[in-house]
1. With labels modelled as points extended 7 Å from the Cα through the Cβ direction, what inter-label distance (nm, one decimal) is found for Thr498 paired with Glu20?
2. Using the number of other C-beta atoms within 10 angstrom as an exposure proxy, rank Lys271, Lys217, Lys186 with the fewest first.
3. For Arg402 and Lys430, calculate 0.36 nm times their separation in residues minus their Cα-Cα distance, and state this gained length in nm to one decimal.
4. Return the long-range amide H neighbours of Arg402 (sequence gap of 5 or more, or a different chain), with a cut-off of under 5 Å between placed amide H atoms.
5. Starting from the Cα-Cα distance between Asn228 and Gln414, subtract it from 0.36 nm times their residue separation and give me the gain in nm to one decimal.
6. Any chance you could run the full-extension gain for Leu55 through Arg117? It's 0.36 nm times the residue separation minus the Cα-Cα distance, nm to one decimal.
7. How would you order 416-422, 131-137 from highest to lowest mean count of nearby Cβ atoms within 10 Å?
8. With r defined as the distance between the Cβ atoms of His151 and Asp46 and R0 fixed at 22 Å, what FRET efficiency is calculated, to the nearest 0.05?
Amino acid sequence: MSYMQQQLAFITYIQRMLVEGDFSATYKFALLHALADLCIEHPLQDETSELVITLDSLVDKLIMLYWHHAVPFSSEHQGEEALLRQNSGRQSKLISILYECQSRGVRNIHQLKASDRWPEIYKATLRTLKEGPLWRLQILSKQEECFLYPHHREQQFIQLNGGIAHCFRRFYDLVVFLAKNAWLQKIQSIKFNQALIGAQSQLQDFLFGVDRNALSKVAPVLVEIQQNRCFYCRKPMKDNVAVDHFIPFSRYSTDLGHNFVAAHAGCNNSKRDHLAAQPHRERWQEQNLVVHNRTLAEALSAWFYCDEQKSLAVADWAYAVASSTGAKLWLAKDSFTEAGIAHSGAADTAPVIEQVAETTTKPAAEPVPINQQAANQVPYFPDLKIACGHFKTGRSDEVEMRSVEQYAGVLDPQRHFLARASGNSMNGGKNPVADGDLLLLEWVTPEHAGSITGQTMAIERQDEAGDNQYVLRVIRKSAEGEYWLHATNPDYKDFAATEAMRPFARLKEQL
């Protein structure tokens, strides 16, 4: 099946699913929405890639999607009688548990995960997922048609078929719109709900709108880090401060804590649902994902999901779609530019980033042809020590092939390789790397360069004798435009990048 044929088949299948599927409850709509979201949040190797999605991540998504649905809709009813039902029978257990937690003072997902009810909620949601929508979503007209993913009930993950994740990314807006619209119609069709909804209602905003109460917590934080200047026009703000979703909520309808900027109401209204031009994108990454990453996470994690890597992945997806479709990007009031075209106001670049896509090469060892490799076998360089301390000399002329059984994704021996960590400068943070750990890395090439700011990268330089030296660090960019190599272990100091340093690989996973 060609790429275009698969896209057409994907759209046709989604349409058939919503018409021919059996929807006695809303769980399948939520699952479809969750699958689309997770495809956005996980970058792909290429258009034909398969994607592994754990059941844990699906459970998290379902709980996030249903959290606001557990709020009483009607002020004229009391207790659970004021809740909209999600199925034709009695209220779903998930909604009942979430409502009970909210009634006991749990105000957001962050508090929910820290409560003693979380294990019960997680198990109940996982059981609901496995007993219902996960295996019934792909039953069309009473027949199983596993177009999206095969059914392997004994596994703790699903694996989307080749090219499906890319289709979800390409048609995200359409899939989410169809899922929400069908979800809305289902809730309206349930007899119990009709007495609550009435003839006129704001049901769409109630189910899927922005949490305005939580949004009010964002403005003071942004005003402080932006020094009371509009993010877009850079002029001082007075009383007309608006909180803008940098990646518009209409394009990705999940609030992420790093996706907000403060702007004049006029700039916000002018930008509306457009993506901002590249100069704004560069400044957003510097401000929210690098310089003030921790500040935003500490201030907003009680209200929003805060993960700078997920925010970056969503942004990269949104701009890639805009570039492929020739969309216009918003620069200023009544001013637009084409996606993919640089603007004179764009942020300055430094050699550590500027030279990545042009000069990166692989170590000297000859790659082994793909057709000679077993599944998930990649090159292992036993003498290539990736220093987690100070730069350390290493060699890449010895290579052997090694299987990576503990990695759930699909690997390409032409793009991925293994090496050992040496030292403890990265032994800190959420994903510590200890001395001797086996690292799965991905070459940085012109075809797969991408953004490296905020990424954990293997950096190469040559010593005075001409030998190659390597170090693992997180690349950060300061407010002054300088690039720094950051260690997650606080015992090690950051140091500035120089023209002699070249990022050559991106850390995929610690094995």
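Read-outs: derived from the displayed coordinates by stated rules, not from any lab. Note that this is a predicted model, so its numbers are computed, not measured. Here Cβ is always computed from backbone atoms with ideal geometry, including for glycine, and neighbour counts include all displayed protein chains.
1. Here the modelled spin labels are 6.5 nm apart.
2. Going from sparsest to densest Cβ surroundings: Lys217, Lys186, Lys271.
3. Values: separation 28, 0.36 × 28 = 10.08 nm, distance 2.70 nm.
Net length gain for the segment: 7.4 nm.
4. Those qualifying (amide H under 5 Å, at least 5 residues apart or on another chain) are Val378, Tyr380.
5. Working: separation 186, 0.36 × 186 = 66.96 nm, distance 4.82 nm.
Full-extension gain reported as 62.1 nm.
6. Details: separation 62, 0.36 × 62 = 22.32 nm, distance 1.92 nm.
Full-extension gain reported as 20.4 nm.
7. Values: 416-422: 22.4, 131-137: 17.3.
Ranked from most to least packed, the peptides come out as 416-422, 131-137.
8. Numbers: r = 25 Å, r/R0 = 1.15.
Result of the calculation: an efficiency of 0.30.
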